[in-house]
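Right, one structure below, let's go through it.
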Amino acid sequence: MGIVPINPGQNPTQDIDDSKDTSWALSMAAAIPSGIIKIFEGGATFGAALLDLGVDKDRVEAVEQYFDDINPFDEAAAATGIGKITELIVNIGVPGGLAFKAASGLGKAALVAKQAGKALPRAEKVRRFGQGMLGAGAAEGVFVGDVEEAGTFGDFLGGPTKVKRGEDDAATELMNRLKFGVEGMAFTGAFGAAGKLVSGMRAVRGTNKAKRGLEKGIDKLDSWFRANGLLTQEGFDVKMKRIGRESADTNVGERAMVEIDNIADRIVKSYRKVATDKVDGATRNDILKEMNDVLMSGTAKNGKLRPIFGKVDEFSIDKTTGLPGTTPEFKTGKQL
């Protein structure tokens, strides 16, 4: 990415604002200072709307125009989707986070309880968290730069939080900010609950203690995201070792079956020569079955095969063929 030279007296962001292909990185970088300026714009717009309430002085429009003129990063931030999202996160995240911390006092209360050697009661945590939600929602409603541009989930899903557009009166501006703040309060609670859930998942993960009630439910949910599922790590390790050994034994068995097939093929070829007859697939299958019966006829220690071989008659060599005879007159009377 090249650097565009700036002429004396030129607006430093003119080339950025006029560029049609602003990169996402540049847009995201511009969104941070733009989001900070939007915080002051939101506060000033809220104050102007209160002053305009009941008296049509158009202070809100004047304030919005003023901040549009002094914000050199707005257009670059709005050039990409990631820039718009970053700008909104800075705009409502900074005041919302500070307001939640100040209103809840959770951090300070937890520290005091820890120094006293006590744990903060659950009811006290819930109360303080509720205070934080109210504070964060109010801050987001007050300091959002342009509530119509930011929008709400009600705009997509419908319902009471849908922003009313097309009317520039102070009452509508304040009502839209109230709707935005209500959603902000609700989502602060949702994010807090999600954080508590993740914290609970981390707390129960890897522990062998018996889990009941909520802990059991959290552990089951967490099992969807870990390799060992509901098993403890030790139990998972034992299971994987068993699977590995079973796979190794299966591999040995498969190799043995391939070798047996090869031996059977060689026997079939030899049988053709001896019997001077064409051996079909059925005969080959019969030979394989007989071989399997022999191989599985006995066992030894450690699961090893120990075939039991029966005795067979000894045949003398047929001088005409040079091979063992196959008829009764070639029997020697001995057994092998």
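Read-outs: derived from the displayed coordinates by stated rules, not from any lab. Bear in mind that the values here come from a model prediction, so they are computed numbers and not experimental data. Note: ideal-geometry Cβ built from the backbone for every residue, glycine included; neighbour counts use all protein chains shown.
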Item to complete: Determine the sum of side-chain charges near I36: Lys and Arg each +1, Asp and Glu each -1, restricted to other residues whose C-beta is under 13 angstrom from that of I36.
Response: -2
Worksheet, complete the sentence: Per the rule of 0.36 nm per residue minus the C-alpha distance, extending D313 to D58 adds in nm 79.9 nm
Item to complete: Compute the signed sum of charges (Lys and Arg +1, Asp and Glu -1) over the other residues within less than 12 Å, Cβ to Cβ, of A102.
Response: +3
Discussion item. To make sure I understand, if each residue's beta carbon is the centre and we count other beta carbons within 10 Å, what order do F40, F73 fall in, fewest to most?
Written reply: F40, F73
Worksheet item: What net charge is computed for the residues neighbouring G325, neighbours being all others with C-beta under 10 Å from the C-beta of G325, Lys and Arg scored +1, Asp and Glu -1?
Response: 0
Worksheet item: Too long at a 24 Å Cα-Cα cut-off: which of K84/K162; K38/K162; K57/K162; K84/K125?
Response: K57/K162; K84/K125
Practice prompt. At 10 °C and 1.306 mPa s, grab the translational diffusion coefficient of region 21-154 from Stokes-Einstein with a Kirkwood Rh over Cα pairs, rounded to a whole number in µm² per second.
Written response: 96
